[in-house]
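Q: My structure is below; once you've seen it, I'll send some questions.
The values are calculated or read from the model by the stated rules, or taken from the named source; none is laboratory data. Predicted model only: the values in this text are computed from it and were never measured. Here the Cβ is made from the backbone with ideal geometry for all residues, glycine too, and neighbour counts use every protein chain on show.
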């Protein structure tokens, strides 16, 4: 069964697109305002777990588990649940006395016990210690094993990468699938193949791979190269010259000593004075990329304008 | 609506534990008991003061705890997920109400035992007490719906306490101000009248009081059900 969101129009613009998610674990990179509206919509067709959902402070961990399993009319063993949630040591501790990480982990018992086919979880790793993140992954796997599908909503990619099979980005331009690969996977693949069609960037410990069309523009600031994708600058290990050579076939153009621009995204050439121009890009925020005077004629030729 | 004994039981047990471990709410039980104890020490009372602890129990225990159980769910942000859970609204309300009902029965029993109160007509009095409990449960639900925290609920319960528990006291001035006679139709005043009538043995008056109490109970439940539906669709 698919999970469908219906479009929302705001100020004559489509604010939330319509989309049907396929079964499995799907992550959506989404801002908080959109997430709130999407969650409200989905309450009718799925169990929606929100970050601000609370707990019963006076119950012990054990009692909390037994309450939610009874509510769902299942007879799972409490000791198994304690293991899955890594709470065996705290079984008799009252919920109000737990650490925040443990409490946030415990809160996932609600989607775990939900009886609907789809479960929506807002910010699965919200305020979870780094070393306890594996517990959340374990719980989400447990939910999948029950045959339920999951939609994860988050404002950060890192919180979706470890658990989601597919990741989408929802913003002004609708909803798009994002392509990522883990570092471990990258090493196994043919390096030659990578060079051809992916742009490698470093983001925290992860290596992300972007498709060239996703890139808006590339800039070099004091020797460091930044690849701009949807308003976020990711640092790249490659130099501008290397990138220029690799990206030329995809319609990229070195318009300035320290800039490469994706010509597909050029919206307008803005003239400041007679011979000084900037390129305005068709991206979320108004982004201007400078263009050197020497390159102007060639750029106009490439774009087919006079 | 689908009702499941297992889910009702789960809610009952959970609310019971949350209730007795939250001393701000559970120590409230001692109030009517203390009052009953003091009254019993004074000895030789009229019906008016005999029913004071009983009517106070209804407002301070039945209505107050009921409203707290609902306000608490809101305070802890658990109401939304509870409504999304497999538990139906009927499960939730029956689970909570049966707990409060049980507490009320125990406290009333203890009060009456301390006051050494023996109803002249046990059948009539117990059905009157049950009808009153249902009415006050509905009052508690309404207060719970419009308050967001236990703190607010304890303020919200004050009007119920003043009107319904202390209402019968106004009847003492009814000789001077005949308009105050309307207070005799309060459920709390009817309880006293019922005891008077059954002591006098006038069956028709006893039945009349029971009917009035039943009307209060039905009206209370209907209004609370309507408000509940309305509130749930608002949020």
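Q: Considering only the range B:210-235, how many residues are surrounded by 13 or more Cβ atoms within 10 Å (Cβ to Cβ) and within 19 Å of the chain's Cα centre (by Cα)?
A: The total comes to 15.
Q: Quick check on my filter: what residues within the range A:248-257 are out of contact with any helix residue (DSSP H, G or I) (no Cβ under 6 Å at 6 or more places or on another chain) and crowded, with 17+ Cβ neighbours inside 10 Å?
A: Listed by number, the residues that qualify are A:252, A:256.
Q: Check every one of the helices (runs of 4 or more DSSP H) wholly within the range B:111-206 and list those with 3 or more residues that are touching a residue at least 60 places away in the same chain (Cβ under 8 Å).
A: By residue number, B:122-146, B:150-160, B:187-200.
Q: Continuing with this model, one more query. Go over the candidates A:121, A:140 one by one and state the one that is out of contact with any helix residue (DSSP H, G or I) (no Cβ under 8 Å at 6 or more places or on another chain), in contact (Cβ under 8 Å) with a residue 60 or more places away in the chain and crowded, with 19+ Cβ neighbours inside 10 Å.
A: Answer to the selection: A:140.
Q: Taking the stated definitions as given, is residue A:78 within 14 Å of chain B (Cβ to nearest Cβ), more than 30 Å from residue A:284 (Cβ to Cβ) and crowded, with 19+ Cβ neighbours inside 10 Å?
A: In short, no.
Q: Moving on to the next point. Might you let me know whether the range B:78-85 holds any residue that is farther than 20 Å from residue B:191 by Cβ, within 14 Å of chain A (Cβ to nearest Cβ), in contact (Cβ under 8 Å) with a residue 60 or more places away in the chain and surrounded by fewer than 17 Cβ atoms within 10 Å (Cβ to Cβ)?
A: Within the range B:78-85, one or more residues are farther than 20 Å from residue B:191 by Cβ, within 14 Å of chain A (Cβ to nearest Cβ), in contact (Cβ under 8 Å) with a residue 60 or more places away in the chain and surrounded by fewer than 17 Cβ atoms within 10 Å (Cβ to Cβ).
Q: Now, a different point. Within the group A:72, A:46, A:35, which residue is within 13 Å of chain B (Cβ to nearest Cβ) and touching a strand residue (DSSP E or B) at 6+ places or on another chain (Cβ under 7 Å)?
A: That would be A:46, the only listed residue that is within 13 Å of chain B (Cβ to nearest Cβ) and touching a strand residue (DSSP E or B) at 6+ places or on another chain (Cβ under 7 Å).
Q: Would you mind telling me which numbered condition in (1) in contact (Cβ under 8 Å) with a residue 60 or more places away in the chain; (2) surrounded by fewer than 12 Cβ atoms within 10 Å (Cβ to Cβ); (3) within 14 Å of chain B (Cβ to nearest Cβ) residue A:13 fails?
A: The one condition residue A:13 does not meet is (3).
Q: Could you please give the count of residues in the range A:24-50 that are surrounded by 16 or more Cβ atoms within 10 Å (Cβ to Cβ) and touching a residue at least 40 places away in the same chain (Cβ under 8 Å)?
A: Adding up the residues that qualify gives 17.
Q: Something else now. Considering the range A:252-306 alone, what residues qualify as being assigned to a loop (DSSP other than H, G, I, E, B) and under 15 Å from residue A:217 (Cβ atoms)?
A: A:257, A:258, A:282, A:283, A:284, A:285, A:286, A:292
Q: Answer with yes or no whether residue A:87 is crowded, with 17+ Cβ neighbours inside 10 Å and over 30 Å from residue A:41 (Cα atoms).
A: Here the answer is yes, as residue A:87 does meet what is asked.
Q: Only one of these is out of contact with any helix residue (DSSP H, G or I) (no Cβ under 6 Å at 6 or more places or on another chain), within 14 Å of chain B (Cβ to nearest Cβ) and surrounded by 14 or more Cβ atoms within 10 Å (Cβ to Cβ): A:97, A:148, A:110. Name it.
A: Only one candidate qualifies: A:148.
Q: Another question about this same structure. Let me spell it out: the conditions are (1) more than 10 Å from chain B (Cβ to nearest Cβ); (2) over 30 Å from residue A:231 (Cβ atoms); (3) in contact with a strand residue (DSSP E or B) (Cβ under 9 Å, 6 or more places away or on another chain); (4) surrounded by fewer than 20 Cβ atoms within 10 Å (Cβ to Cβ), and residue A:61 meets all of them except one. Which number is the exception?
A: With (1) more than 10 Å from chain B (Cβ to nearest Cβ); (2) over 30 Å from residue A:231 (Cβ atoms); (3) in contact with a strand residue (DSSP E or B) (Cβ under 9 Å, 6 or more places away or on another chain); (4) surrounded by fewer than 20 Cβ atoms within 10 Å (Cβ to Cβ) applied to residue A:61, the lone miss is (4).
Q: Further question: Take residue A:52 and tell me if it is in contact with a helix residue (DSSP H, G or I) (Cβ under 8 Å, 6 or more places away or on another chain), in a loop (DSSP other than H, G, I, E, B), modelled with pLDDT under 95 and under 20 Å from residue B:80 (Cβ atoms).
A: no
Q: Residues in the range B:6-53 that are out of contact with any helix residue (DSSP H, G or I) (no Cβ under 9 Å at 6 or more places or on another chain) and either surrounded by 16 or more Cβ atoms within 10 Å (Cβ to Cβ) or within 11 Å of chain A (Cβ to nearest Cβ) (or both): how many?
A: The total comes to 2.
Q: Same structure, new question: How many of the residues making up the range A:230-250 are free of Cβ contacts under 8 Å to residues at least 24 places away in the same chain and under 12 Å from residue A:217 (Cα atoms)?
A: Matching residues across the range A:230-250 total 4.
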